[in-house]
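Remarks on the structure that follows.
Bear in mind that the values in this text are calculations on the coordinates, not laboratory data. Bear in mind the structure is a predicted one, so any value in this text is a computation, not a measurement. Please note: Cβ atoms are built from the backbone with ideal geometry, for glycine as well, and neighbour counts cover all protein chains shown.
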Amino acid sequence: MQAGDTEGEFMKIKTPLGDEILALRAGDSVLLSGTIYTARDEAHLRMMKEKIPFDPKGAAIYHCGPVIQDDRIIAAGPTTSARMNSLTGFLLDAGVRCLIGKGGMSGEVSKSLKGRAIYLAFTGGCAALAASHMKLTGVFYPDLGMAEAIWVIEVTDLPLVVGIDAVGGNLFSRVDERARERYDAWIRDQVR
Amino acid sequence: MNAREEQMLRKAVSDATLACIHEAEVFLPPDVKAAIAAAYDSEADPVARGELANIRTNISEAERLNLPLCQDTGIAVIYMTVPHCYPVHEADLREAVYDGVRRATLSVPLRPNAVDPVSRQNSGDNTGVAIPPIHIREGSDLTITVLPKGAGSENVSRIGMLLPSQGNEIPAFIVETVLLAGGRPCPPVVVGVGIGGTFDHAAALAKEALLLPIDVMDTYEMEICTAINNLGIGPMGLGGSTTALAVKVKKAHCHTASLPVAVNIQCWACRRATRKVSL
């Protein structure tokens, strides 16, 4: 079995990203190649305070705190994106086109993605799979420590799903709303 | 036991801890792999199938590359059984386990995850004040079990102090916990449930339930698991019929005026390993 062995069609995209991403819709599968920048809570705070240490135009941010050993990526699955909900606006304003992580982001972020950027979901916990698609090329803010530094990574055909598209489509909230309806219906059945 | 034998034993405990952590971080237990394979076979949703395919590829890549399954290598929760009248002091056993955790941090390697709760200062070696937690009880052999627990699923766990009259609302509390968690704990999850005991014991039972084999469930567990899967949250919260691989329940007697229910959520990487320590 190959990585991302699904029945769906994959669209290949490459950084720096442009308007091609605007055509993608929540639920679409993509293979991403190019440069991505890891960033978690601390890196976001530092970038807000100082300045973004890389060219943000068309860039992809990866919510990830990897395990690095001897300049090699050992494990690099996604972290929970929701922690960055309130820390993301300035990146999109600076031209970032794509956020990658797990679990989705708030309605607020969904709104600010409109017309310019997308959120891609990477399978949580798939650190070994991620590592086999990645090569480490640089680092910013190494003083923040292994999990919180910004690691510059070259990726090849990383299998991702569009979680939130640039026209307001949000797979996470769609699934969540349906789950709540089904829960309410189940509770009503229990009481009966 | 003389000083030399004691030193050998400490080394054996440290070695067993290291071996358990390595095995748990790289190789998923057969019952968990089988549950994920069964979920892939029965899943109809294309996005969900893609997620489960990624998980299965990840499992085989971790084994092939001898690397941790997930970059959140967790906090090592340790369970030990110690024979009656064992000639080594508990404090020495604990120190030997700590030594094994420090060695594993360098050799597996593990991400340094242990921080001071307020200053967030990282200890750098996955040990610290009361970390890793070590649960010791009596058993016929000296054994070590490691359950590396990641934060994504730990953070959506819940405890409820239900009323004694709310016994039939326990399933709803469990299902609601999974609903509120959504995609955040990296579903498909394993749901560990502790019913009864005291406030703290219920949580301990819920975590211990995660050590039980997940290829068997009783009727009560099965009904709750079905209700969870009917929510359609699916792998990673992207939709599908696989939200939980299993629900496992452990019970203890409790005060006649209380009904504690703890739900400890575990991501699909239900990591655990056990070693017998012998000299």
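Summary table below
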read-out: In degrees, nearest ten, helix A:171-191 long axis to first principal axis of chain A (Cα); value: 40 degrees
read-out: Share antiparallel - DSSP beta bridges, the range A:10-191, percent rounded to 5; value: 55 percent
read-out: Binned Cα-Cα distance frequencies in the range B:27-84 - 5 Å width, integer %; value: 4, 15, 20, 20, 17, 11, 6, 4, 2, 1, 0
read-out: Among A:Met134, A:Ala185, A:Val96 the positive-end extreme of the charge dipole of chain A (Cβ point charges); value: A:Ala185
read-out: With Cα atoms, 0 to 90° folded angle of helix B:3-26 axis to chain B main axis; value: 20 degrees
read-out: Chain A: calculated mean residue ellipticity at 222 nm from DSSP helix runs of at least 4, using -39500 (n - 2.57); value: -7000 deg cm²/dmol
read-out: Separation between Cα centres of the range A:106-170 and the range A:47-74, rounded to whole Å; value: 10 Å
read-out: For the range B:58-149, convex hull of alpha carbons as volume per residue, Å³; value: 110 Å³
read-out: Loop-resident sites, the range B:157-250, for trypsin sites (Lys or Arg not before Pro), counting at most 12 other Cβ within 10 Å (DSSP); value: none
read-out: Beta bridge orientation in chain B: antiparallel %, DSSP, nearest 5; value: 65 percent
read-out: Computed FRET value (nearest 0.05) for A:Lys57 with B:Asn155, which takes r as the C-beta separation and R₀ as 35 Å; value: 0.55
read-out: Between 0 and 90°, nearest 10: helix B:46-65 axis offset from chain B longest Cα axis; value: 10 degrees
read-out: Cut-off 11 Å between beta-carbons: net charge of the residues surrounding B:Thr73, Lys and Arg +1, Asp and Glu -1; value: +1
read-out: Quarter of Cα convex hull surface for chain B, i.e. mean projection, nm²; value: 15.8 nm²
read-out: Helix-only CD estimate at 222 nm, as mean residue ellipticity for chain B, using -39500 (n - 2.57) per DSSP H run (n ≥ 4); value: -13000 deg cm²/dmol
read-out: Surface/4 estimate of mean projected area, convex hull on alpha-carbon atoms of the range B:152-266, nm²; value: 6.2 nm²
read-out: Per chain B, cysteines lacking a partner by the 4.7 Å Cβ criterion; value: B:Cys20, B:Cys70, B:Cys85, B:Cys225, B:Cys254, B:Cys270
read-out: Percent antiparallel among DSSP beta bridges (both partners in the protein assembly as shown, rounded to 5); value: 60 percent
read-out: Ranked by how many other beta carbons lie within 10 Å on average, peptides A:15-21, A:30-36, A:175-181 from highest; value: A:30-36, A:175-181, A:15-21
read-out: Share of pairwise Cα separations in the range A:42-192, more than 20 Å, in percent; value: 52 percent
